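Student: Just dropping this structure here.
The values are calculated or read from the model by the stated rules, or taken from the named source; none is laboratory data. What you see is a predicted model, and the numbers here were worked out from it, not measured in a lab. Neighbour counts are summed over all protein chains in view; Cβ atoms, including those assigned to glycine, are modelled from backbone coordinates with ideal geometry. Just so you know, the surface numbers come from the protein's heavy atoms only, side chains and all, with ligands and any DNA or RNA stripped out. Shrake-Rupley method; radii C 1.70, N 1.55, O 1.52, S 1.80 Å.
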Amino acid sequence: MKSFKAAVFKLKLSNKKQSILDTQMRLSERAYFNVLNKLSFHVDIMVELDKKGRKEALALIKKQAAPLVKSFPLSNGSKAAIIEEVTAQISSTVELKLIGQDAKLPSIEDRNNDYYSDGLQMLVNSIDVEQENQARDLMATKPYDGMPRPLSWYKTRQSDGAMILQDDKNRFFVYLNTHSSKSKFKDKTIIKNMANTRTGEAVSFASATGILVPLELSKKQQEEFIYKAQAKSYKVFKRANGYYLATSFEYDVEDVPVETFMGIDRGIHALASYAVTKDKTVIEKNIFDGLELKAYQQKHEARHKKQQKKGRVAKQKWRDYSDHMIHVVANNIVDAALKHKSQVVMEDLSNIANGHHHKRVKFARKTNFSRLLSRQQYQKLQQFLEYKLNCKGLPKPRFVHAAGTSITCNKCGHYDKENRKTQTEFKCTACQHVNNADLNAAANIAMKQHWLKTQYNKSKKQMNIKFADWLAVDLG
């Protein structure tokens, strides 16, 4: 199994190298938006295509982007990255439109808000390739305070990529293919007897289109990333206090055979609750309180709103606190899943997790509750679990429909709205079974996956028995 994690290293730059990166960032940004604008017509076309057609369209976009970016005075690495990022941006926009969101492509003129800083913070805190891509999209959509888009490289080689190198004094550097051979910055950079940390091979070469930059690495970063994984992609971005390199690393992880199901219910009073089931018996359960996070977020959102009314821009650094809490919850869930060798199962809450500011999925019920639900960072918990489970060799979460999980008795299968007495109390009106409402829902979520796996009739493409009836027959 392949697993990905991202690390961020600070760059030690001379004035000349800072000038090179600043210039190339500006050029790359203009090229990106120029190409994106010229190929934007593909979005409306792709929305009408099937999966195979969309795949073919993306291949066509790459072919059309290549000659468009060729005329810009950029390095080969920057040109290749722009082609990949334009294609990814169009694909992402199409996917959002397909699930009902009112999505649109970013524009270079759209500069009057603080989403760039949010994207920058997300990039620094990104923990997998998917989050890096989301951060990149956010930064590209909303440039802020004149800061340019980051520079990217998706290859580990001299001609059009980047590579992390180590010298004989155990110092670390990154080589970046930054400018074209016709650039005013053209100057020979000599790499001699250094080790490519991705392959372990010795490298020596001279380059007129790249720069060599020292990296600040902690011992922990060396042990966790450099010595254990292979660098796959590189991204240089600028902040007020300097320049940084965000690198995605690929790990080889042994698969863990699944023996149980772990259902996870997400809520307001409980940030997450889980129940581990084996042979439809709950063998472990736990609840993670969400009220503290809710109160903290409400307090700081009110402060943010007040500052906005006064014309100030709030950076919302309190989001780091939320991320920390969700990381802690995700770590506990993953530890339990590894202990029991569990397939994690979650409710499909894509409509809720899209957020109150997005268009609802077609035919979805309108509800003001979505603001609270999106505030609880549902999507972040899902993203954290996906990469954390993957790092341990466990499969990614599976998803089941949320309908009925909170009002169905896990003991007898009785389906009744009256079963849910309060936000936290569940008492079956049929068998009188009493349980915490969130733990009851978590057990149902786990058992729904078991039901789907064992009762689905492939030849008829339907279930042999309804979920509630299946619970009653097997557990009653």
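Student: I need the P(r) histogram for the stretch 151-241: all alpha carbon pairs, bin width 5 Å from 0 out to the longest distance, whole percents.
Tutor: Pairs per bin, as whole percents: 3, 13, 24, 26, 20, 10, 4, 1.
Student: Dividing the alpha-carbon Rg of the stretch 222-284 by 2.2 N^0.38 Å yields what?
Tutor: Cα Rg divided by the expected 2.2 N^0.38 Å: 1.88.
Student: Additional query: Of K97/K453; K219/K396; K2/K192; K70/K184; K220/K392, which sit over 21 Å apart, Cα to Cα?
Tutor: K97/K453; K219/K396; K2/K192
Student: How much of V434 can a 1.4 Å solvent probe reach, expressed as accessible area in Å² and rounded to 10?
Tutor: Counting only protein heavy atoms, V434 exposes about 90 Å² to solvent.
Student: A further question on this structure: Give the shape of the stretch 22-84 as rounded, prolate or oblate, defined through the alpha-carbon gyration tensor: a ≥ b ≥ c are the square roots of its eigenvalues, a/c under 1.5 means rounded, and otherwise the shape is prolate if a/b is larger than b/c and oblate if not.
Tutor: prolate
Student: Taking a 23 Å limit on the Cα-Cα distance, which of the listed pairs K55/K448; K17/K38; K427/K448 fall beyond it?
Tutor: Table pairs above 23 Å Cα-Cα are K55/K448; K17/K38.
Student: Okay, moving on. Hey, got a sec? Which GluC sites (Glu not before Pro) in the stretch 23-60 land in a DSSP loop and have at most 10 other Cβ atoms within 10 Å?
Tutor: Filter output for the stretch 23-60: E48.
Student: Mind putting together the pair-distance distribution for the stretch 200-243? All Cα pairs, 10 Å bins, whole percent per bin, short to long.
Tutor: Spelled out per bin, shortest first, that is 16, 44, 36, 4.
Student: Starting at the first residue of the stretch 270-286, write each ³J(HN,Hα) from the Karplus equation 6.51 cos²θ - 1.76 cosθ + 1.60 with θ = phi - 60°, in whole Hz, x for Gly and Pro.
Tutor: Ordered by residue, 3J(HN,Hα) equals 10, 4, 7, 10, 10, 9, 9, 10, 9, 6, 6, 10, 6, 10, 7, 8, 6 Hz.
Student: Take peptides 73-79, 427-433 and line them up by average Cβ neighbours within 10 Å, highest first, as a rough protection proxy.
Tutor: The peptides rank, most packed first, as 73-79, 427-433.
Student: Same structure again: Taking amide H positions as placed 1.01 Å from N in the peptide plane, with prolines and chain starts having none, which residues 5 or more places from E284, or on another chain, fall under 5 Å of its amide H?
Tutor: Result for E284 returns V276.
Student: Not counting ligands, DNA or RNA, and with a 1.4 Å probe, what is D289's accessible surface area in Å² rounded to the nearest 10?
Tutor: Approximately 90 Å² of D289 is accessible to the 1.4 Å probe.
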